[in-house]
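Just passing along the structure, written as structure tokens.
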Amino acid sequence: MSAREITAVAPPVPAPAAVLELFKPITWFAPMWAFMCGVVSSGLPVSARWPLLLGGIILAGPLVCATSQAVNDWYDRHVDAINEPGRPIPSGRIPGDWGFWIGVAWTAISLAFSSLLGVWVFLAASLGLMLSWAYSAPPLRLKQNGWLGPAAVAVSYEGISWFTGAAVMRSALPDWRILFLAACYSVGAHGIMTLNDFKAVEGDSRMRIRSLPVELGVDNAALIACAMMALPQIVVVVRLAAWGRPVYSATVGAFLAVQLVLMTRLLQDPRKYAPWYNATGTSLFVFGMLAAAFAVRPLVGG
């Protein structure tokens, strides 16, 4: 085969802008915020460990989260051709098998980078990356199940990131109260992930992805999402009070009260108001996370 024929057959190298779009930087906020909550909850000052702090932020967002986005877009390319044909892979801006190999390469880079931050961070990153692949790739493809798919994302984005932030600071297994908060907010994030499924009901139905809106209907799925978001926060409010942190308990409770009011509008038309709720109610959810992190800081510090 001539050089000219090879050039004609080989897919072009994707543009850096297309790769960056594939990584979806806007999605990095959630795990980076949860990571910072973990840092705050550790009770330790950041001044002596700022290189590890910076490394953890890079790991949570531009590495692990970006990997999950690339892997998901590769295995969702057929669904995206229906729901969002302008995305980098279905539009052809990430041609051939480039999407797959970008996911593989970024997985390897993430693992290598995490090993520099300590054994607990490496183990957490490994679990997060395994969940990323299990969520999107066959044979497991957890996203085809409306319960397991959001759970995998919620644990990765919230629980593991929170754990990683505390582990980076302490270079050890975090205090059980930190793990408790990370678990609670992981459960709450399950509801947030369900809201994100409302925009893809038609495509999910055609591709037999059994999201909760597809399986239960949009209205029932919205009720479940609201319950999943609210109940763990109630548990956090109660536990913070029991731990002798009444001001922080009241703060998280106030954030939750406003969310409950906003949920009444969300439930009127979930598909219409889900993006609006993500910009309002979800913001209050993450502010509550930070308040809870500050609440346990003096309890576990030192």
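The values are calculated or read from the model by the stated rules, or taken from the named source; none is laboratory data. As the structure is a prediction and not an experimental result, all values here were calculated from the model. Positions of Cβ are generated from backbone atoms using ideal geometry, with glycine treated the same way; all protein chains shown enter the neighbour counts. The area values use the complete protein model at the heavy-atom level, side chains included, leaving out ligands, DNA and RNA. Shrake-Rupley method; radii C 1.70, N 1.55, O 1.52, S 1.80 Å.
Work out the charge dipole of the chain with +1 on the Cβ of Lys and Arg and -1 on the Cβ of Asp and Glu about the Cα centre, then indicate which of LEU173, VAL296, TRP101 is farthest towards its positive end.
Toward the positive end, the furthest listed residue is VAL296.
Only four residue types carry charge here, +1 at the Cβ of Lys and Arg and -1 at the Cβ of Asp and Glu. Report the dipole size of segment 156-237 about the Cα centre in Debye, rounded to the nearest 20. The partial results should precede the final answer.
On the way: 6 positive and 7 negative charges, 37 e Å.
Using Cβ point charges on Lys, Arg, Asp and Glu, segment 156-237 gives about 180 debye.
Roughly how many Å² is the accessible area per residue of segment 26-103, as a whole number, for a 1.4 Å probe?
40 Å²
Another question, if that's okay. By the gyration tensor of its Cα atoms, with a ≥ b ≥ c the square roots of the eigenvalues, what is the shape of segment 132-277: rounded for a/c under 1.5, prolate for a/b over b/c, or oblate?
oblate
Tell me, what is the per residue accessible area of segment 187-302 in Å², probe radius 1.4 Å?
In whole numbers, segment 187-302 has 45 Å² accessible per residue.
Roughly what angle does helix 119-136 make with the longest principal axis of the chain, taking Cα atoms, 0 to 90 degrees, to the nearest 10?
50 degrees
For GLY103, what charge total do you get from the other residues with a beta carbon under 14 Å from its beta carbon, if Lys and Arg give +1 and Asp and Glu give -1?
Taking every Cβ under 14 Å from that of GLY103, the sum is -1.
For PHE287 and VAL235, calculate 0.36 nm times their separation in residues minus their Cα-Cα distance, and state this gained length in nm to one decimal. Mind dumping the intermediate values first?
On the way: separation 52, 0.36 × 52 = 18.72 nm, distance 1.61 nm.
Additional length available on full extension: 17.1 nm.
Take the solvent-accessible surface of the protein heavy atoms, probe 1.4 Å, and return the percent of it on the chain that carbon and sulfur atoms account for.
Solvent-exposed carbon and sulfur of the chain make up 70 percent of the total.
Stretched out fully, how many nm does the piece from LEU54 to ALA172 gain, at 0.36 nm a residue minus the Cα gap?
On the way: separation 118, 0.36 × 118 = 42.48 nm, distance 1.79 nm.
The span from LEU54 to ALA172 would gain 40.7 nm if fully extended.
While we're here: Which value, in debye to the nearest 20, describes the size of the charge dipole of the chain about its Cα centre when Lys and Arg Cβ atoms bear +1, Asp and Glu Cβ atoms bear -1, and nothing else is charged? Working shown, then result.
Numbers: 20 positive and 15 negative charges, 94 e Å.
Approximately 460 debye in magnitude.
Please list, in order along segment 39-45, the HN-Hα scalar couplings obtained from phi with the Karplus expression 6.51 cos²θ - 1.76 cosθ + 1.60 (θ = phi - 60°), rounded to whole Hz, x for Gly and Pro.
Working through the residues one at a time gives 4, 4, 5, 5, x, 10, x Hz.
Is segment 108-166 rounded, prolate or oblate when judged by the Cα gyration tensor, a ≥ b ≥ c being the square roots of its eigenvalues, rounded requiring a/c under 1.5 and prolate requiring a/b larger than b/c?
Oblate, because a/c is 1.5 or more while a/b does not exceed b/c.
How do the peptides 99-112, 285-298 rank, highest first, by the average count of neighbouring beta carbon atoms within 10 Å per residue?
Put in order of decreasing packing, that is 285-298, 99-112.
Which of the peptides 92-98, 258-264 is most tightly packed, and how do the rest follow, going by the mean number of other Cβ atoms within 10 Å of each residue?
Answer by packing, highest mean first, reads 92-98, 258-264.
Here is a follow-up. How tilted is helix 246-266 with respect to the longest principal axis of the chain? Cα atoms for both, answer in degrees (0 to 90, nearest 10).
Taking Cα atoms only, the helix is inclined about 50 degrees.
Here are several values of Cα extents along the principal axes in Å: (i) 73, 59, 35; (ii) 67, 42, 38; (iii) 75, 49, 30. Which one was derived from the coordinates shown?
So the structure-derived entry is (iii).
Report the label-to-label distance for LEU127 and GLU202 in nanometres (one decimal), using points 7 Å from each Cα along the Cα→Cβ vector.
Each label point lies 7 Å from its Cα, and together they span 4.0 nm.
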